Amino acid sequence: MSAIKIKSNKKLKGELLQGLYGRGKRMQEMICVYATTFILLANLVILLYNVQKGELVIVAGAVLTGMLTADFLSGLFHWSCDSWGSVHVPLFGPAFIRPFREHHLDPTSITRHDFIETNGDNFMLPLPFLTLLFVHLWRSPHFYLDNTFLVWFTYALALLVAFTNQIHKWSHTYYGLPRWVVLLQDWGVVLGRKHHRVHHVAPHETHFCITTGWLNVPLESLHFWRHLESLITLLTGKKPREDDLMWAK
Ligand SMILES: [Zn+2]
Ligand SMILES: [Zn+2]
């Protein structure tokens, strides 16, 4: 196939995928971003009001565990959307699979998305848990004291899940990033630009974790995703990335 034809096929598919981003989806994303921002701030105020100096170790442990869990969940969700199903799966396809498939065709398109389009889906996921956390903290003064680790773990996990795609967007942004973001990337606190490039080599079958990226190397050395794919193929007969292979042809 000629280079021009491959390019025009990619452009066509990219336009088709972008066309699935409708007004209803945009409205849902806006509501999620505003609601989750509010509940994140409300919970933070209560947490900072309650935190004690002697809790530093337990808070650090909870935040670290929350960050690791968020990184693993980002990998699991990304792997699922990259490897299984298609954009034509009812509801889930246009809403969740589409952005990942579009992202492989045009990795820089994410850098042109505004804050709402970048973060709408991820801000939706932790909303029920943050609401539940807020209700418990608000209703009982003992809830924080009795569940300090769980409270900080939940908050850190929710915060990192909410901002995962923003972090992912930064990993594709090579100009104009704020200095503090570059420092976080260089220190390995969030997903690094060089590290994430490994995932963008076709057929996009490694380095799925996109929050901190801490788990990519350990999971690859365990062949974690390959084992999981073999298990699913064994149970369902389906092969991973079949839809992507079909488009490539
Ligand atoms: Zn991907
Ligand atoms: Zn990417």
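Tabulated data
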| item | result |
| --- | --- |
| Search result, residues across segment 160-190 that are under 11 Å from the mean Cα position of the chain (by Cα) and of a type in the set (A, V, I, L, M) | L160, V161, A162, I167 |
| Some residue of segment 145-164 being within 16 Å of ligand 2 (Cβ to nearest atom) and of a type outside the set (G, A, S) | yes |
| Tally, over segment 114-173, of residues that are without any contact (Cβ under 8 Å) to a residue 40 or more places away in the chain, over 18 Å from Y34 (Cα atoms), assigned to a loop (DSSP other than H, G, I, E, B) and not polar (S, T, N, Q) | 1 |
| Segment 51-63: number of residues that are in a helix (DSSP H, G or I) and modelled with pLDDT under 95 | 4 |
| L68 vs. criteria over 30 Å from H227 (Cα atoms), open to solvent by 40 Å² or more (accessible area, probe 1.4 Å) and not hydroxyl-bearing (S, T, Y) | no |
| Filtered residues of segment 88-111 (kept if among the charged types (D, E, K, R) and either assigned to a helix (DSSP H, G or I) or within 11 Å of ligand 1 (Cβ to nearest atom) (or both)) | R98, R101, E102 |
| Long-range neighbours under 8 Å by Cβ, at least six apart or interchain, first residue under 25 Å from A156 (Cα atoms) and in contact (Cβ under 8 Å) with a residue 60 or more places away in the chain within segment 186-213, second of a type in the set (G, A, S) and part of a loop (DSSP other than H, G, I, E, B) | T212/G188; G213/G188; G213/G192 |
| Filtered residues of segment 77-91 (kept if open to solvent by 50 Å² or more (accessible area, probe 1.4 Å), of a type outside the set (V, I, T) and more than 16 Å from ligand 2 (Cβ to nearest atom)) | H88, P90, L91 |
| Some residue of segment 92-111 being open to solvent by less than 60 Å² (accessible area, probe 1.4 Å) and of a type in the set (K, R) | yes |
| Qualifying residue in segment 30-49 (condition: within 16 Å of ligand 2 (Cβ to nearest atom), open to solvent by 40 Å² or more (accessible area, probe 1.4 Å), modelled with pLDDT of 90 or more and part of a helix (DSSP H, G or I)) | no |
| Where P240 falls short, out of the listed (1) in a helix (DSSP H, G or I); (2) touching a residue at least 40 places away in the same chain (Cβ under 8 Å) | (1) |
| Selection count where residues are open to solvent by 70 Å² or more (accessible area, probe 1.4 Å), aliphatic (A, V, I, L, M), modelled with pLDDT of 95 or more and not in a helix (DSSP H, G or I), scope segment 174-226 | 1 |
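The values are calculated or read from the model by the stated rules, or taken from the named source; none is laboratory data. Given the structure is predicted, the values throughout are model-derived calculations rather than measurements. Quick reminder, even Gly has a Cβ in these numbers, built from the backbone with ideal geometry, and neighbours come from all protein chains shown. Accessible surface areas use protein heavy atoms only, side chains included; no ligands, DNA or RNA. Shrake-Rupley method; radii C 1.70, N 1.55, O 1.52, S 1.80 Å.
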